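The structure under discussion appears below in the form of structure tokens.
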Amino acid sequence: MPKQKNPFWSFFASVYLTITLLVFTVVLSIVGTFIPQQDAAREFAQGIPPGLASFLQTMQAFDLFHSVWFFLLMLLLSLNLIVCSLNRWPLTWKQFRGAPLSGEEGLFRGLSPERIFLCDENVGTMTGRMEGLLNRKYRKISKTQEKEDAVIIYVERGRYSRFAVYVVHLSLQLLILGALMGAFWGWEGYVNIGEGETADAIDLKGGKGAKALPFTIRCDKFIVEFYKNGAPKTYRSDLTFLKDGKTIYQGPLLVNHPVSLAGVRVYQASYGSSPDGRASLAFVRAGQEEKIIKVGPGESFSLPEKEGTVQVVRLEENLMQMGPAVKILIRSGQGEVSFWVFLHIDKIREMNPGVTEQVPMFNPSLFKPYVFALKGMEERYYTGLQVSRDPGAPLMAAAAVLMILGLMGTFFSSHRRIWIKIQQLGGKTRISVAARTNKHPVVLEREVRQLAEKIKISLEKGST
Amino acid sequence: MTNTMILSWVTFLYFGAFVFYLFRLVFGKELWGKAAFYSVLGGLGAHTLGLLLRWKESYSLGIGHAPLSNFYESLIFFAWALVLLYVIVEWRIKNRSLGVFVLPVAFLLMAFASLAPNISNRIQPLVPALQSNWLTSHVVTCFMGYAAFTVAFAIGIMYFLRNIPLFGFIPEGDILDELMYQHAVLGFVFLTLGIMTGSVWAHYAWGSYWSWDPKETWSLITWLIYAVMLHARYVRGWKGKRMAVLAIVGFAAVLFTYLGVNYLPGLHSYLQS
């Protein structure tokens, strides 16, 4: 190739460059696992000297896998691969196309005695017999007349495996391309949606601002189930996707089962319960039935017979380590009275006998003749959704399939070529078998041994 | 639980096999080699039974899943894959010298699984992220890869020790070299499959096929080291000592990918229980 004299070309055609680039990639990756990256980096940067932090920041060490360094390495590797492949291509093509019928110089020299057979039949008969032996296993049998009294038969297998390594390298190019597409046109973000609420935008990862979605997501319900041992069993959001007020999709979202809509994928990522949920408050007037009402902070309701109004002033998940509690304010003809109602009041009384008498603020029967009780906190869940779009993903999938096919061809297949020379030598016919392979000599050895075995049997049969 | 009892017995069988392989080296009697191989076979049989029973027990607990879901189960499967590969190698090359290098690794994996205080051998239900069909294919391919790399590593160590008189009947360098290369290739293909199945799974579970989580990054590092090793052989014709060094370096990366990264924060936290 004329290009070989070009210094740029020969620089990129070197396998040493490949190995150097791979080693650099390894080093950079190791550094990237020891220096906290992206979101974790912010906290880390605060704990180290500011000079060092700003140096690392400038070096893009806090996002190494999206840094100029990494990008440059991938670019060089990609160029290196292309040039190496182009450089080797003509030779591969020649080896693929050209069936050197007579083989190379000295092909039949120094053959082991097990590869040479002698018999009495003439060259023509033996050529026919050999062809008969071969055509069961080899698709194409080529034959040439060498000199006047010698014939060479040529067969081959696994010719296409010579391209396998190019397939692997092509898959790597696609991988790099797919990753770039994802990096440039893809995005990833999160959104928390409370039950009954909607969202039409998400927060992009890494604090890159908000992004509007092509639809609105409504969380109708969030369900979390646990196993007996307390480990989570199911996270499930019932979602409705709306566009221009119309439902375009409705269904459950589970971990491992994302919903894909309008090129955007939505994942069940996390959940939580909002602290400003509602309380389930019970009250009973002496001698009457218990009533339960659900109230949120600031809301109020009237007691029967206009005996007063109850307002929920505060709602606490865990008040003074004594569990959930709500503070209520009751306004009536006698004025205002305010106290806490605990969920675990029985337990609190047991642990601190007489507490409700000593601390009137903790007495649920302070407003006579009523007794209040907290039945539970109405937990309102929110679902944490991850939303992403990656236009490079289909390319990555194609690259993965290609890579596996390519690796199979590279490692488990080889181009095996076998020549059988049949020639007249001093009244006898001599059959010699020579073979070459581009890799895995053991496999070829086995194949030739089997062939030699067949020839031997055929000759023994023929002579009897 | 029957399965953990069987599996702890397997640990002793592998230890016994290791001792027998050692005796074979020291006393030079093939009898010890035979005893060792039968211990390995017995161990592998019981190991397989233990795994199957554990699988069945998980179903009778109502949380049925393949025994590949936590650190204990991964160690047990790793050892199983390693011994299986070893049996195939011994049968293929008709030489027992490799056993003295592979069996101690299998024994250590099993012993670590049974004895380490913070490893739970209980059958645990699958948390939502693990409830995927990709779990089995991901774990099986990764650990088959690790096992093949471990065999390549053992051969690499053997390569350096083959000139010590005690290890007199180690196969010659060329056979070792070829065998080491074959296992590096096997491991490489399995690791590639492991990374791919993991990526597909992450695409469904975590919302991104690649997140530069430390375990992902280290699996890439391991993959690159073996890629360098295979290129050095294919293109530059590296053989022998240099390949043995790379097999050992690669195995160090495997160990870090498997165990080391647990000390770094990341997404693959299932292994910490």
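The values are calculated or read from the model by the stated rules, or taken from the named source; none is laboratory data. Being a predicted model, the structure only gives us computed values, none of them experimental. Virtual Cβ from ideal backbone geometry, glycine too; neighbours counted across all protein chains shown.
Tabulated values for the structure
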{"read-out": "Qualifying residue in the stretch B:239-258 (condition: more than 30 Å from A:V255 (Cβ to Cβ), more than 8 Å from chain A (Cβ to nearest Cβ) and part of a loop (DSSP other than H, G, I, E, B))", "value": "yes"}
{"read-out": "Count of the stretch B:186-196 residues which are within 10 Å of another protein chain (Cβ to nearest Cβ) and either closer than 12 Å to B:F143 by Cβ or not in a helix (DSSP H, G or I) (or both)", "value": "1"}
{"read-out": "Residue match in the stretch A:209-218 (condition: more than 14 Å from chain B (Cβ to nearest Cβ) and under 27 Å from B:Q131 (Cα atoms))", "value": "yes"}
{"read-out": "Out of B:V139, B:V83, sole residue that is closer than 25 Å to B:L31 by Cβ and modelled with pLDDT of 90 or more", "value": "B:V83"}
{"read-out": "Subset of the stretch B:29-60 [in contact (Cβ under 8 Å) with a residue 60 or more places away in the chain, more than 14 Å from B:A79 (Cα to Cα) and not acidic (D, E)]", "value": "B:G33, B:A36, B:F37, B:R54, B:S58"}
{"read-out": "Residues of the stretch A:173-190 classified as within 12 Å of chain B (Cβ to nearest Cβ) and buried (at least 18 other Cβ atoms within 10 Å of the Cβ), total", "value": "6"}
{"read-out": "1 or more residues β-branched (V, I, T) and closer than 28 Å to A:L315 by Cα: qualifying strands (runs of 3 or more DSSP E) within the stretch A:214-296", "value": "A:264-285, A:291-295"}
{"read-out": "Close pairs (6 angstrom Cβ cut-off, 6 or more residues apart or separate chains): facing chain B (nearest Cβ under 9 Å) in the stretch A:387-405, charged (D, E, K, R) anywhere", "value": "A:S388/A:E188; A:S388/A:R265"}
{"read-out": "Yes/no for A:G230 being at positive phi and away from chain B (no Cβ under 14 Å)", "value": "no"}
{"read-out": "Residue that is of a type in the set (G, A, S), more than 21 Å from A:A434 (Cβ to Cβ) and not assigned by TED's automatic domain parsing to the domain that holds A:S14, where the choices are A:G132, A:G189, A:G110, A:G128", "value": "A:G189"}
{"read-out": "Residue among B:H138, B:H203 that is touching a strand residue (DSSP E or B) at 6+ places or on another chain (Cβ under 9 Å), within 14 Å of another protein chain (Cβ to nearest Cβ) and part of a helix (DSSP H, G or I)", "value": "B:H203"}
{"read-out": "The stretch A:240-258, residues that are more than 14 Å from chain B (Cβ to nearest Cβ) and either free of Cβ contacts under 8 Å to residues at least 12 places away in the same chain or more than 13 Å from A:D200 (Cα to Cα) (or both)", "value": "A:D244, A:G245, A:K246, A:T247, A:I248, A:Y249, A:Q250, A:G251"}
{"read-out": "Verdict on B:A152 being away from every other protein chain (no Cβ under 13 Å), buried (at least 20 other Cβ atoms within 10 Å of the Cβ), in contact with a His (Cβ under 9 Å, 6 or more places away or on another chain) and within 20 Å of A:V442 (Cα to Cα)", "value": "yes"}
{"read-out": "Of residues in the stretch A:297-315 being in a strand (DSSP E or B) and without any contact (Cβ under 8 Å) to a residue 24 or more places away in the chain, the one surrounded by the fewest Cβ atoms within 10 Å (Cβ to Cβ)", "value": "A:S302"}
{"read-out": "Residues located in the stretch A:412-427, provided they are assigned to a loop (DSSP other than H, G, I, E, B) and farther than 16 Å from A:K439 by Cβ", "value": "A:G426, A:G427"}
{"read-out": "Residue in the stretch B:230-239 that is surrounded by fewer than 23 Cβ atoms within 10 Å (Cβ to Cβ), closer than 30 Å to B:L130 by Cβ, in contact with a Leu (Cβ under 8 Å, 6 or more places away or on another chain) and small (G, A, S) present", "value": "no"}
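Yes/no per residue for (1) more than 25 Å from A:Q386 (Cα to Cα); (2) free of Cβ contacts under 8 Å to residues at least 24 places away in the same chain; (3) within 9 Å of chain A (Cβ to nearest Cβ):
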position: B:N121; (1), (2), (3): yes, no, no
position: B:G156; (1), (2), (3): yes, no, no
position: B:I164; (1), (2), (3): yes, yes, no
position: B:E172; (1), (2), (3): yes, yes, no
position: B:Y181; (1), (2), (3): yes, no, no
position: B:A184; (1), (2), (3): yes, no, no
position: B:G198; (1), (2), (3): no, no, no
position: B:W212; (1), (2), (3): no, yes, yes
position: B:W223; (1), (2), (3): yes, no, no
